[in-house]
1. Determine whether the range 158-176 contains at least one residue that is of a type outside the set (G, A, S), within 24 Å of F246 (Cα to Cα) and at pLDDT below 85.
2. Modelled with pLDDT of 95 or more and over 30 Å from E117 (Cβ atoms), is that true of F218?
3. Mind checking which residues of the range 73-115 are under 19 Å from F218 (Cβ atoms) and either out of contact with any strand residue (DSSP E or B) (no Cβ under 8 Å at 6 or more places or on another chain) or of a type in the set (D, E) (or both)?
4. State which residue is modelled with the lowest pLDDT when the search covers only the range 70-89 and only residues that are over 16 Å from the mean Cα position of the chain (by Cα) and surrounded by fewer than 12 Cβ atoms within 10 Å (Cβ to Cβ).
5. Since R221 meets every condition but one in (1) over 19 Å from L105 (Cβ atoms); (2) in a helix (DSSP H, G or I), which condition does it not meet?
6. With the condition kept exactly as written, say whether any residue in the range 174-189 is over 20 Å from the mean Cα position of the chain (by Cα), of a type outside the set (D, E) and not in a strand (DSSP E or B).
7. What tally of residues in the range 188-214 results from selecting those that are under 26 Å from K78 (Cβ atoms), surrounded by 14 or more Cβ atoms within 10 Å (Cβ to Cβ) and out of contact with any strand residue (DSSP E or B) (no Cβ under 6 Å at 6 or more places or on another chain)?
Amino acid sequence: MLMGKIREIFASDELSRFRRGCFGLAALGAIVVLGTNASGAKGETRVLVDSYADEDYLKGKEADDALKRETYHFVEGKFHGGNMRDPSLREVSFMDVAESLAAELRKRNYYPAQTQEGGDLLIVVHRGMTQIEADWDELFPQDDLDDDSFSDSEEEDGTEESPGTILDETGYTYREQDNAELIGFDRALKRSSLNVQEGFELQDMLRSERYFLVLMAFDLRILRETGEKKLVWSTRFSLDAIQTNFEDAHFALSRGAANYFGTNLDGKLGKTTTHLGSGEVETGELKVIETLDDEEE
């Protein structure tokens, strides 16, 4: 199934257009720097990041006090629409997300492969919003009911609790457990060094909608040669979806996770404060800061 998806993506005109649009400068042998316009910011947000990397992969990536240059292909993963109607999730295409991610991946020395046959990594990108269970107290308000009589009737007929209040032994609903695993909070919540305040804060976040991106990087050479899907690193990052939209949030998500791609936080959560929105590019003189030789393409 995964190899079929790879062939489909590699053969698509969309991928070719993406490469030409985003990486034409690399083909010309120059990397340029454009200034970020702070006036393009649309308020601040905090991005929380869980990051895992295989130990052997880390040894090769961070050898000789420098980050090894690696190339990749993107593949679209699963889309999670959440339970709340949010048109902005559909309005942002996978290619929009891929473009903003590509710019930030360069900070960790990851670059797009220049040919279909090349590439060190296959990066599968999942995106969307967490699903929040309905609050049964809000759906069935008891303001007009006699609380005492309601409790008595509950005891007499043995009525079970509503699904929204059934917790497992750790104190989380089933949906909260799913969300914790999806956005990477589960590893943090299991840490013995997690203090009580941090635990309460994370639990509270699981009860609100959060936009998220998940990047899962597979060794593409092993995949091609043996068909084995070897995960070498994954990064899960999210932010509060309240009072914003995915059109602004996906830029902030990419920026907030930029320094964590291909790293291992051992269950700790990275925390980055950044602005929402793209951060408009100022019009000004382009400066070439590095020139690539043909051998490096």
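1. Yes, the conditions are met somewhere in the range 158-176.
2. So F218 does not fit the description; no.
3. Selection gives E76, R108, T115.
4. Ranking the candidates gives R85 first.
5. (1)
6. Let us first name the residues in the range 174-189 that are over 20 Å from the mean Cα position of the chain (by Cα), namely 174.
Subset that is of a type outside the set (D, E): 174.
Pick out the ones that are also not in a strand (DSSP E or B) and you get 174.
Yes, because at least one residue in the range 174-189 is over 20 Å from the mean Cα position of the chain (by Cα), of a type outside the set (D, E) and not in a strand (DSSP E or B).
7. Summing the residues that are under 26 Å from K78 (Cβ atoms), surrounded by 14 or more Cβ atoms within 10 Å (Cβ to Cβ) and out of contact with any strand residue (DSSP E or B) (no Cβ under 6 Å at 6 or more places or on another chain) in the range 188-214 gives 7.
So that you can scan it fast, the table gives a plain yes or no per residue for (1) in contact with a Pro (Cβ under 7 Å, 6 or more places away or on another chain); (2) charged (D, E, K, R); (3) at pLDDT 90 or above; (4) more than 25 Å from E209 (Cα to Cα):
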| position | (1), (2), (3), (4) |
| --- | --- |
| R17 | no, yes, no, yes |
| G29 | no, no, no, yes |
| L34 | no, no, no, yes |
| E55 | no, yes, yes, yes |
| G60 | no, no, yes, yes |
| A66 | no, no, no, yes |
| L105 | no, no, yes, yes |
| R108 | no, yes, yes, yes |
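The values are calculated or read from the model by the stated rules, or taken from the named source; none is laboratory data. These numbers come from a predicted model, not from an experiment. As a convention, Cβ positions derive from the backbone with ideal geometry for all residues, glycine included, and neighbour counts pool all protein chains shown.
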